[in-house]
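I have placed the structure first, in the form of structure tokens, so that the comments after it can refer back to it.
The values are calculated or read from the model by the stated rules, or taken from the named source; none is laboratory data. Fair warning: this is a prediction, and the values are worked out from it, not measured in the lab. No Cβ is skipped: glycine too gets one built from the backbone with ideal geometry, and neighbour counts run over all protein chains shown. The protein model used for the area step is the full one, side chains on, heavy atoms only, and it has no ligands, DNA or RNA in it. Shrake-Rupley method; radii C 1.70, N 1.55, O 1.52, S 1.80 Å.
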Amino acid sequence: MWKLAWRQLLRNRARSIITGTAIALAVLLFLMSLALGDGMYGKMMDAAERSAGGGVLIHAEGWWKTRESTRVLLDPAPVAAAAKGAPGVRALSERVVFEAVLTSAANEGFAAATLKGVDPEAEKPFNDLSRFLVKGTYLAGDDARTIVLGKKLTEDLSVDLGDRIVVRFTDAKGEESQALFRLGGVVATGSADIDRTVALVRLKTAMDVTHTDGGVTQIGVLGAKGLALDQLKGSLQRALGDRTQGLELLTWREAMPELVGFIEMDGNMNILFALIIFVVVAFGIANTFLMSVMERVRELGLLSALGVTPRRVGGLVLRETMLLALFAMGLGYALALAAHGYLSTHGLDYAQFIGNDFDVSGVIMDDLVIYTQINAPRWIFTGIAVFAMIVLSALYPAWRATRLDPSQAMRTYE
Amino acid sequence: MTAVAPISAGSNGELIAARGVTKIYTQGKVEVPALRGVDLTVTSGEFVVLAGASGSGKSTLLNLVGALDHPTEGEIFVAGRDVTHLSRSQAAKFRLAELGFVFQAYNLVPVLTCYENAEYTLALAGLPRARRRALVVPLLERVGLGDLLDRKPHELSGGQQQRIAVVRAIASRPALVLADEPTANLDSETSGNLLDLMLELNEEKGTTFVFASHDPDLIARARRVVRLKDGRIDADETR
Ligand SMILES: Nc1ncnc2c1ncn2[C@@H]1O[C@H](COP(=O)(O)OP(=O)(O)O)[C@@H](O)[C@H]1O
Ligand SMILES: [Mg+2]
């Protein structure tokens, strides 16, 4: 029966090739959209993690929700030291974060911003904004009161390098307070969100002006590559022990669930799109095999007359489909692997398709070059699902084949 | 396997026992009576020709005896088995076990070779390869096709194709071979040879043949001729 099915496919070579190619291409498209989706997902998650300020964020209890200026992590040194020693920790950075209102000393107008005190060296593995410096210097030089602003912010305030900026905020004691800075640098990240709100000063200066008494707002921790966030968090909790008293440890996914949801939804759209391709292909297959059954009414009727049971006649049609599916899918997988071989090293630049104005709520993507990633279980599951779908689409033609009436099939009309 | 069992017959030597067989086709609202109360008995080892004009009901009768279709009325026993109430699947198994078929045309599976077509029913019945070869090759040689085993049907002449069909029909030593105008598409010499072959096999191996034809030359050479006319048996003569 396999022999018969195989020869049947060879007999209708043109049709088999067309159908097989359609299956192979659909498989290729599907797998590539998975691989690109996974690559994109990984890249966005990575970018999101860095933009969030680390895989795990340590604050004083309640700061993340309330953003109250008085919730300060006092005496960060022992916490940072313990965290640094935790297994799986790659990098760590202390920050001071205050919501602030900025005005220019010379001009009218004001703008809301987030004042961040950072250590530029420690920030490097995180979201190193010095990459986006378009003017001036990045918290360098002798001036302790140097400030780096987002480009939009400088436009809103009509300020330029050297201009004085007044920063108003509620300090760590809960008192209204203000400090004077001098614009030392301008960054343009490409993310409108960030360019409109970022105001960076040196960590030490920030601690002084906000009266934290040596405290910080946040310690961001990056885990080793590939380490799951929950594992990193667990490791930190163990390393910190009793010191977690009065602190909150949040993975960035816990901190920003909407962003995670957004990125995941994007991936699901990809799969949905690929699924639609497949339904279309499945209809094509059903149609092809139905045609092939109808063309062979006599032949299948002959088999029935010779004693092949209806089940086996239907089985023959299914076998033809399965053989074709296996070969075509094999080809599809081979092509997908070849494409992956190329795209996993050379990448595919999405910017060509969607332009550069790609902005997901404050996540900075340096570029949109996506490197494909293979998620083996998903590829295997896809294979099984596609195979099942093809076989399903052949069920109707096969069923029709079982219903052929041998007495009619064999009649010769003079 | 039943396929190679000795010829089985009904309890009283009757291989075919058809009583009051009526077949009415309905085409839309029109009823076409193809058979109107046919009684026919064939004993094991006979060679019977169903004669009659085109449209007289020969094919219909063969199809009913061959369990390819159900009669509207009446009962048919073949090899002791009631074939009028078989399911499709039971009917297929019955055909494989007990019957051989030769049709007017389209007898062969196009994608199989001459040899594969000839051994097809044996393979279906599950006979081992060596056993199939031992049964089929001598028969193919016997009908002069020993050199063409690997040809595809489309590379053969009409007469050669029909001979392969005959070999396939008898290879499994069925109780009964049903042949529906097997010579209609052949020239008279070729059809004469094919008839010779079937007559020889009938005599040598005792295979029962029921053979439909409206070719006077062939009818003249048969020992028993059953004439159909408008779905009824008009004459039944044994010479
Ligand atoms: N499927 C069918 N539907 C309607 N009428 C049919 C069908 N098959 C055969 N007939 C009619 O039944 C009669 C007998 O046909 P058939 O058995 O083929 O005759 P024969 O084989 O002797 O030429 C004819 O009138 C034919 O038109
Ligand atoms: Mg006929």
#### Entry: Candidate residues A:HIS340, A:HIS59, A:HIS211: accessible-area rank, largest first, probe 1.4 Å
A:HIS211, A:HIS340, A:HIS59
### Message
Within region B:147-199, what whole-number % of the accessible surface is contributed by carbon and sulfur, with the 1.4 Å probe and all protein chains included in the calculation?
### Response
36 percent
### Message
Suppose R0 equals 35 Å. What FRET efficiency, 1/(1 + (r/R0)^6) with r the Cβ-Cβ distance, do A:ILE277 and A:ASP46 give to the nearest 0.05?
### Response
0.80
### Task
Please work out how much accessible surface A:LYS152 shows to a 1.4 Å probe, ignoring ligands, DNA and RNA, in Å² rounded to 10.
70 Å²
### Query
Does region A:167-241 come out rounded, prolate or oblate by the C-alpha gyration tensor, with a ≥ b ≥ c the root eigenvalues, rounded set by a/c under 1.5 and, if not, prolate when a/b is larger than b/c and oblate if not?
oblate
### Task
Using the Karplus curve 6.51 cos²θ - 1.76 cosθ + 1.60 with θ = phi - 60°, work out ³J(HN,Hα) for each residue of region A:317-325 in order, rounded to whole Hz, and write x for Gly and Pro.
4, 5, 5, 4, 4, 5, 4, 4, 4
### Query
Taking Cα centroids, how far is region A:1-73 from region B:80-157 in Å?
53 Å
### Query
222 nm [θ] for the protein assembly as shown, helices only, -39500 (n - 2.57) per DSSP H run of 4+, per residue, to 500?
-14500 deg cm²/dmol
### Task
With a 1.4 Å probe and every protein chain left in place, tell me how much accessible area A:LYS43 has, in Å² to the nearest 10.
50 Å²
### Query
In degrees between 0 and 90, to the nearest 10, how far off the longest principal axis of chain B does helix B:129-142 point, with axes built from Cα atoms?
80 degrees
### Message
What distance in nm lies between label points placed 7 Å from Cα along the C-beta direction at B:LEU149 and A:GLU175?
### Response
10.9 nm
### Message
Counting only protein heavy atoms, probe 1.4 Å: which residues of region B:98-134 lose 30 Å² or more of accessible surface in the full assembly compared with their chain by itself?
### Response
B:PHE103, B:GLN104, B:TYR106, B:VAL109, B:PRO110, B:VAL111, B:LEU112, B:GLU116, B:TYR120, B:LEU124
### Query
Measuring from centroid to centroid over Cα atoms, what is the spacing of region A:132-147 and region B:164-225 in Å?
105 Å
### Task
Provide the gained length on full extension for the span A:VAL166 to A:GLU108, in nm with one decimal, where the gain is 0.36 nm per separating residue minus the Cα-Cα distance.
19.7 nm
### Query
Tell me, which residues of region B:50-88 get at least 50 Å² less accessible area when the other protein chains come in, versus the chain alone (1.4 Å probe)?
B:LEU68, B:ARG88
## Note on the structure
Once A:TRP6, A:TRP399 are ranked on solvent-accessible area with the largest value leading and a 1.4 Å probe, the list reads A:TRP399, A:TRP6
### Query
Could you name the aspartates and glutamates in cross-link range of A:LYS65, using Cα to Cα under 14 Å and dropping any fewer than eight places away on the same chain?
A:GLU99, A:GLU248, A:GLU254
### Task
In Å³ and rounded to a whole number, note down the convex hull volume per residue for the Cα atoms of region B:14-238.
126 Å³
### Task
Given the peptides A:190-196, A:223-229, arrange them by the average over their residues of other C-beta atoms within 10 Å, most packed first.
A:190-196, A:223-229
### Summary
Counting only protein heavy atoms and leaving out ligands, DNA and RNA, the solvent-accessible surface of A:ARG312 at a 1.4 Å probe, in Å² to the nearest 10, equals 100 Å²
### Message
What FRET efficiency comes out for A:VAL391 versus A:ILE17 if R0 is 22 angstrom and r is the Cβ-Cβ distance? Round to the nearest 0.05.
### Response
0.65
## Note on the structure
Note to self: with every protein chain in place and a 1.4 Å probe, region B:14-238 gives an accessible area per residue in Å² of 41 Å²
### On Cα atoms only, tilt of A:376-402 relative to the major axis of chain A in degrees
30 degrees
### Task
Give the cross-link partners of A:LYS124 among the aspartates and glutamates, using a straight C-alpha distance below 20 Å as the criterion and excluding same-chain residues fewer than 8 apart.
A:ASP46, A:GLU49, A:GLU94, A:ASP195, A:ASP366, A:ASP367
### Task
Please identify which residues in region A:37-73 have an amide N closer than 17 Å to a label point set 7 Å out from the Cα of A:ASP266, following the Cα→Cβ vector.
A:37-53
### Query
Which percent of Cα pairs goes in each bin when the distances of region A:62-245 are cut into 5 angstrom slices starting at zero?
1, 8, 16, 19, 19, 15, 11, 6, 3, 1, 0
### Task
Kindly give Rg over Rh for chain A, based on alpha-carbon atoms, with the Kirkwood expression for the hydrodynamic radius.
1.22
### Query
Which percent of the accessible heavy-atom area of region A:62-245 goes to carbon and sulfur, probe 1.4 angstrom?
49 percent
### Interface residues, region A:369-414 - accessible area loss of 30 Å² or more versus chain alone, probe 1.4 Å
A:ARG403, A:PRO406, A:SER407, A:MET410, A:ARG411, A:THR412, A:GLU414
### Task
Over region A:194-298, give the accessible area per residue in Å² for a 1.4 Å probe, as an integer.
49 Å²
### Message
Just the number please: accessible area per residue for region A:30-103, 1.4 Å probe, all protein chains included, in Å².
### Response
34 Å²
### Query
Pairs B:LYS58/B:LYS229; B:LYS93/B:LYS205; A:LYS43/A:LYS152; A:LYS135/A:LYS204; B:LYS58/B:LYS205: which exceed 20 Å Cα-Cα?
B:LYS93/B:LYS205; A:LYS43/A:LYS152; A:LYS135/A:LYS204; B:LYS58/B:LYS205
### Area hidden from solvent between B and A (accessible, protein heavy atoms only, 1.4 Å, total, Å²)
2600 Å²
### Task
Take the Cβ-Cβ distance between A:ARG145 and A:ASP213 as r, set R0 to 35 Å, and report the resulting FRET efficiency rounded to the nearest 0.05.
0.95
### Summary
Counting only backbone N atoms under 20 Å from a point 7 Å out along Cα-to-Cβ of A:ARG243, the residues of region A:54-68 in range are A:54-64
